[in-house]
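To keep things clear, I will list the structure first and then write my remarks on it.
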Amino acid sequence: MVCELQNIVKTYPSPDGAERLIILDGVSLALDKGESVAIVGPSGSGKSTLLHIAAGLDLPDSGEVFIDGRDISKMGEKEIAALRNRKIGVVFQRHCLLPQCTLLENVLVPTLPYQNKNEKAVSRQRAAGILDRLGLSDRLNHFPSQLSGGECQRGALARALVNRPSLLCADEPTGSLDMGTAEEMGRLLRDINREEGTALLLVTHSEKLAAQMDRTLELRNGKLNDESI
Ligand SMILES: Nc1ncnc2c1ncn2[C@@H]1O[C@H](COP(=O)(O)OP(=O)(O)O)[C@@H](O)[C@H]1O
Ligand SMILES: [Mg+2]
């Protein structure tokens with residue numbers, strides 16, 4: 001399994017601190033290599049929380065998280081960060097590209113920890129290749145302010161994919177795009193998932209996009225349910 005969550009519980013303190021609100025109430029989920037899963041559910045149901053935990057960006061109160069078979073609760077912060085950088089790509093609703101860097105430089109950021117001379121050339125080739133695949137080959141030297149919203153979001157996808165992760169987590173990646181651009185982005189996510197065998201965990205409000213995934217699961221009242229039931 002690329003990503004396995006077992007009986008995840010996550011709580012947050014209520015605003016007055018008087019009690020703890022249960023956001024995830026024993027959630028289990030397993031994603032195999034190349035599989036795609038859509039998470040849907042009402043706003044505030046905990047979709048982002050779940051995605052952050054699956055991506056190793058946040059830790060549960062209890063339950064186990066395995067990434068590529070390794071239990072991250074047994075790792076230190078540095079080890080988790082290194083695993084995340086190598087194995088997990090993340091795309092958010094907002095692209096979060098660095099404004100002072102060109103598109104190509106932005107995509108190369110996750111490769112920086114591995115820069116010896118040889119790897120530098122390989123990384124550049126990979127970055128240019130993935131940008132080309134996403135239709136951005138003539139935008140390499142543009143700064144984010146010189147790109148459209150859809151181009152920035154595709155750039156963020158390229159950055160997430162540059163280290164060939166085994167898992168791609170995407171949190172409403174089409175949420176801030178217009179309909180046509182959103183559809184294009186959705187299609188690219190699904191195509192990349194198939195072409196590269198990257199497991200895809202996708203939070204979306206779009207029924208159309210969710211329907212393109214292998215499975216759709218609904219998060220409601222802290223539980224994850226198969227939508228088809
Ligand atoms: N850091 C936090 N502290 C307290 N409550 C939080 C925090 N992050 C999220 N929450 C609460 O957890 C619930 C789930 O949030 P979230 O995972 O962002 O939901 P979704 O992505 O489904 O809209 C919400 O009620 C939100 O207010
Ligand atoms: Mg959210």
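Structure notes:
- Residues within the stretch 28-51 that are within 16 Å of ligand 1 (Cβ to nearest atom) and in contact with a Lys or Arg (Cβ under 9 Å, 6 or more places away or on another chain), tallied: 10
- Within the stretch 55-69, residues that are closer than 21 Å to Val203 by Cα and modelled with pLDDT of 95 or more sit with their Cβ atoms under 8 Å from residues that are of a type in the set (Asp, Glu) and surrounded by fewer than 18 Cβ atoms within 10 Å (Cβ to Cβ), at 6+ positions apart or across chains, in these pairs: Glu64/Asp71; Val65/Asp71.
- Test: residue in the stretch 162-172 that is in contact with a helix residue (DSSP H, G or I) (Cβ under 9 Å, 6 or more places away or on another chain), in contact (Cβ under 8 Å) with a residue 24 or more places away in the chain, under 12 Å from Leu188 (Cβ atoms) and not charged (D, E, K, R): yes
- There is at least one residue in the stretch 162-183 that is part of a helix (DSSP H, G or I) and closer than 25 Å to Pro99 by Cβ.
- Within the stretch 26-45, the set of residues being part of a strand (DSSP E or B) and on the phi < 0 side of the Ramachandran plot comprises Val27, Ser28, Leu29, Ala30, Leu31, Ser36, Val37, Ala38, Ile39, Val40.
- Residue in the stretch 93-100 that is within 16 Å of ligand 1 (Cβ to nearest atom), more than 15 Å from the chain's Cα centre (by Cα) and surrounded by fewer than 15 Cβ atoms within 10 Å (Cβ to Cβ) present: no
- Checked against (1) over 18 Å from Ile88 (Cβ atoms); (2) modelled with pLDDT of 95 or more, Glu183 passes all but condition (2).
- Matching residues in the stretch 41-65 - criterion: being more than 9 Å from ligand 2 (Cβ to nearest atom) and over 15 Å from the mean Cα position of the chain (by Cα): Gly41, Pro42, Leu59, Pro60, Asp61, Ser62, Gly63, Glu64, Val65
- Boolean, Ile23 is in a strand (DSSP E or B), under 18 Å from Leu219 (Cβ atoms) and either of a type outside the set (Lys, Arg) or within 16 Å of ligand 2 (Cβ to nearest atom) (or both): yes
- Among (1) surrounded by fewer than 19 Cβ atoms within 10 Å (Cβ to Cβ); (2) within 16 Å of ligand 1 (Cβ to nearest atom), the one test that Glu64 misses: (2)
The values are calculated or read from the model by the stated rules, or taken from the named source; none is laboratory data. Because the structure is predicted, anything quoted here is derived from the model rather than measured. Cβ sites come from the backbone with ideal geometry, for glycine too, and all protein chains shown count toward neighbours.
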